[in-house]
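Shown next, in structure tokens, is the structure this report addresses.
The values are calculated or read from the model by the stated rules, or taken from the named source; none is laboratory data. Please read these numbers as outputs of a predicted model, since none were measured by experiment. All Cβ positions, even for glycine, are placed from backbone atoms using ideal geometry, and neighbour counts span all protein chains on display. Quick note on the areas: whole protein, heavy atoms, side chains included, nothing else; ligands and nucleic acids left out. Shrake-Rupley method; radii C 1.70, N 1.55, O 1.52, S 1.80 Å.
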Amino acid sequence: MTPSRKSRKTGTIAKPVTLWDMLTPGKQHAICLIFLFLLPVIQYHDVVFGGKKFFAHDIVQWRASAESIIGHRQEFGEEPLWSENMFSGMPAYLVSYVKSVPHLDQFFVWFHGINPVFQLWLMLLGLYLFLLRLKLHPIAATLGALLIAMTTYMPIITGAGHNAKINALVYIPWMLYGYHMLTRSNKRLLGLAVFAIAVNLELRAGHPQVTYFFLYLFAAWWIHDLIFAFKNKELPDWAKKTGLLVTAAVIALLCNVQPYWS
């Protein structure tokens with residue numbers, strides 16, 4: 001750190017120039033992202049390098065509940081519509097169903113062996129980019145991403161095997177990022193694409209509870225922006241932005257109609 005200097009004209013002390021300030025923005029972001037990339041690898045090094053997996057009690061329990069469905073599928077080569085061994089019987093699609101339509105998450109198949117590291121990478125990156133859009137300093141954005149993604153709740157549900165819940169939480173920052181870009185920049189089409197893909201993958205995660213509670217947060221933000229649009233007499237423009245949001249949501253829902261149609 002270089003010593004601060006006193007301005008002769010104003011008598012104020014200028015802000016000291018640090019080593020961080022001497023780095024270009026690109027290098028600053030690279031350092032932050034490398035740090036965010038390495039932390040989950042260190043935390044779950046046994047999964048990445050040791051070939052270990054979590055016991056995941058809930059997945060074992062799910063397998064027991066889905067056994068009759070899986071057995072019927074293997075024996076008859078068709079999808080059963082009813083599960084007999086859950087309670088007094090219930091629709092089979094609530095327990096297990098084959099995702100027969102190719103989807104974006106199939107590009108992530110190669111990373112499934114290092115779960116939950118890959119999910120944390122996606123979540124940390126989404127949080128970092130979103131916080132940067134909120135004009136936070138890169139270091140503050142890094143800290144904010146860590147405080148959210150590395151909260152104690154994440155390893156708890158990882159150990160329990162709540163993979164669908166983890167996946168649903170991962171895409172929330174990306175939805176917020178796409179919403180912010182669509183409504184607060186000139187890159188509306190890019191924001192529309194990010195928002196549509198994020199909502200698409202959110203619905204694909206298959207955890208309606210997480211998505212449902214996220215909608216409260218999203219609705220509060222939308223109402224906030226609606227009030228400001230009304231006060232600033234910008235309702236026509238806000239209606240166009242809302243139309244794009246609805247379009248993205250409809251596209252995402254159509255891409256995931258298989259599990260939600262029932």
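Structural remarks
Yes/no per residue for (1) buried (at least 18 other Cβ atoms within 10 Å of the Cβ); (2) within 24 Å of Gly161 (Cβ to Cβ); (3) modelled with pLDDT of 95 or more; (4) touching a Pro at 6+ places or on another chain (Cβ under 8 Å):
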site	(1), (2), (3), (4)
Arg204	yes, yes, no, no
Pro208	no, yes, no, no
Ala220	no, no, yes, no
Leu226	no, no, yes, no
Ala229	yes, no, yes, no
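- Checking Asn186, Asn163, Asn200, Asn167 one by one, the residue that is surrounded by fewer than 17 Cβ atoms within 10 Å (Cβ to Cβ) and polar (S, T, N, Q) is Asn186 and no other.
- Checking His137, His103 one by one, the residue that is more than 16 Å from the chain's Cα centre (by Cα) and either open to solvent by less than 50 Å² (accessible area, probe 1.4 Å) or of a type in the set (S, T, N, Q) (or both) is His103 and no other.
- A Cβ distance below 7 Å, combined with a sequence gap of six or more or placement on separate chains, defines the contacts here; from segment 74-87, residues that are open to solvent by 70 Å² or more (accessible area, probe 1.4 Å) reach residues that are among the hydrophobic types (A, V, I, L, M, F, W, C) in the pairs Glu79/Val98; Leu81/Ala92; Trp82/Ala92.
- Subset of segment 71-127 [β-branched (Val, Ile, Thr) and in contact with a helix residue (DSSP H, G or I) (Cβ under 7 Å, 6 or more places away or on another chain)]: Val95, Val101, Ile114, Val117
- Residue count, segment 150-174 (criterion: hydroxyl-bearing (Ser, Thr, Tyr) and without any contact (Cβ under 8 Å) to a residue 12 or more places away in the chain): 3
- Evaluation of Ser83 against (1) at pLDDT 75 or above; (2) under 30 Å from the mean Cα position of the chain (by Cα); (3) among the small types (Gly, Ala, Ser) (one fails), failing number: (2)
- Contacts under 6 angstrom Cβ, first residue in segment 23-42 being more than 17 Å from Leu129 (Cβ to Cβ), partner of a type in the set (S, T, N, Q) and surrounded by 10 or more Cβ atoms within 10 Å (Cβ to Cβ), 6 or more apart: none
- Where helices (runs of 4 or more DSSP H) fall entirely within segment 127-198, those with at least 1 residues that are farther than 17 Å from Gln209 by Cα are at 138-149, 153-160, 172-184.
- The condition (being modelled with pLDDT under 90 and not hydroxyl-bearing (Ser, Thr, Tyr)) is satisfied by just one residue among Ala149, Ala92, Ala141, Ala145: Ala92.
- Lone qualifier among Leu201, Leu215 - being out of contact with any Lys or Arg (no Cβ under 8 Å at 6 or more places or on another chain), free of Cβ contacts under 8 Å to residues at least 12 places away in the same chain and part of a helix (DSSP H, G or I): Leu215
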